[in-house]
Amino acid sequence: MATCVGPCYSSRPMVMRKATAKETSSGTPWLAQRRAVLDAAQAMHAEGLVVETSGNVSARVTDGTRDLIAITASGTRYDTMTDDDVVVVDHEGESVIGDALPSTELLTHAAIYRARPGVGAVMHTHSTYASALAVAGIAIPSLIDEMIIVLGDSVRVADYAFPSTAELGESAVAALGERNSVLLKNHGFVGVGRSVGDALKACRLGEQLAKIFVLARLMGNADKLPASAIEVEVELFRMRQSVNGDGAGAGAVE
Ligand SMILES: [Zn+2]
């Protein structure tokens, strides 16, 4: 994957193998999904949501019997990234397609897919304003109508966990609940959605929301929406999630 800076480059044991003849006999498996991941990853980088090789993007895929993950390869430049830099692995990191190592944040992506059956894509960024709030440990409350309908009632801060660990996945899932975005303490941001386009949208809106919140606080006042509006918009958010088959999630919007 393109990976996180610093500790996110840390390696972990991972069994790699070549794709079997069966898996490749029908052409290039999951090419459309891998290209969608590639397109979203390059947009994420081009729009400044990450710098250098930080961040990562994945999509849920299946071989008919098990859940797999198409994810950006570790430490790969986005501007020269190709289809081959989006690998397909199982939830333990064993390779199904591709020779490159998957993002070192694979375990966080896998944890979210297990907790949220309706989530089809995950994007992790280090965007500036969201990361500033993550460092400060300040959750984003219900501020903007559109944001609630797309992201959920708030953006919470997950407890700190070391990058690339299973504990980071657990803390992200706990704070994410049924929402579509979460701040990772002293680290960055995660956006999820039905598709990679939706995950990218969550990251774009999350960064804009974070910027608005920071600027409003600097001006001395960041008013929450009226409770009646929040109630209606949270209901609209849940209806959208239900339509997308993502009604259950771990935890609940409060
Ligand atoms: Zn990271």
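Values in this text are rule-based calculations from the coordinates and carry no lab data. If you're wondering where the values come from, they're calculated on a predicted model, not measured in any experiment. Note that each Cβ is placed from the backbone with ideal geometry, even for glycine, and that neighbours are counted across all protein chains shown.
For Asp99 and Ala136, calculate 0.36 nm times their separation in residues minus their Cα-Cα distance, and state this gained length in nm to one decimal. Display every interim value, and only then the final one.
Values: separation 37, 0.36 × 37 = 13.32 nm, distance 3.83 nm.
Net length gain for the segment: 9.5 nm.
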**OP:** Pick out the long, greasy-scoring helices in the chain: whole DSSP H runs spanning 18 Å or more along their own axis by Cα, mean Kyte-Doolittle at least -0.5.
**Re:** 31-46, 196-218, 227-243
Original post:
If exposed trypsin sites (Lys or Arg not before Pro) are those in a DSSP loop with at most 10 other Cβ within 10 Å, what is the longest stretch of the chain that has none?
Top reply: 67-254
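Can you compute the FRET efficiency between Asn186 and Ser228 using 1/(1 + (r/R0)^6), with r the Cβ-Cβ distance and R0 = 30 Å? Round to the nearest 0.05. Don't skip to the answer; put the middle values down first.
Working: r = 35 Å, r/R0 = 1.18.
After rounding to 0.05, the efficiency reads 0.25.
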**OP:** Using just the helices of the chain, give the 222 nm mean residue ellipticity in deg cm²/dmol: DSSP H runs with n ≥ 4 each add -39,500 (n - 2.57), and the total is spread over all residues, rounded to 500.
**Re:** -12000 deg cm²/dmol
Subject >> Stretchable slack from Thr28 to Ile212, in nm (0.36 nm times residue separation minus alpha-carbon distance) >> reply: 62.0 nm
**OP:** Mind checking the full-extension length gain between His91 and Arg35? Use 0.36 nm per residue of separation minus the Cα-Cα distance, one decimal, nm.
**Re:** 18.1 nm
Original post:
Long-range amide H contacts for Gly193: which residues qualify at under 5 Å (H placed 1.01 Å from N, peptide plane, sequence gap of 5 or more or a different chain)?
Top reply: Gly120, Ala121, Ala199
Original post:
For region 71-84, what does the Karplus curve 6.51 cos²θ - 1.76 cosθ + 1.60, with θ = phi - 60°, yield as ³J(HN,Hα) per residue in whole Hz, taken in order and with x for Gly and Pro?
Top reply: 9, 4, 6, 6, x, 9, 5, 6, 6, 10, 5, 10, 3, 5
**OP:** Determine Rg/Rh for the chain; Rg is computed over alpha-carbon atoms and Rh is the Kirkwood hydrodynamic estimate from the same atoms.
**Re:** 0.97
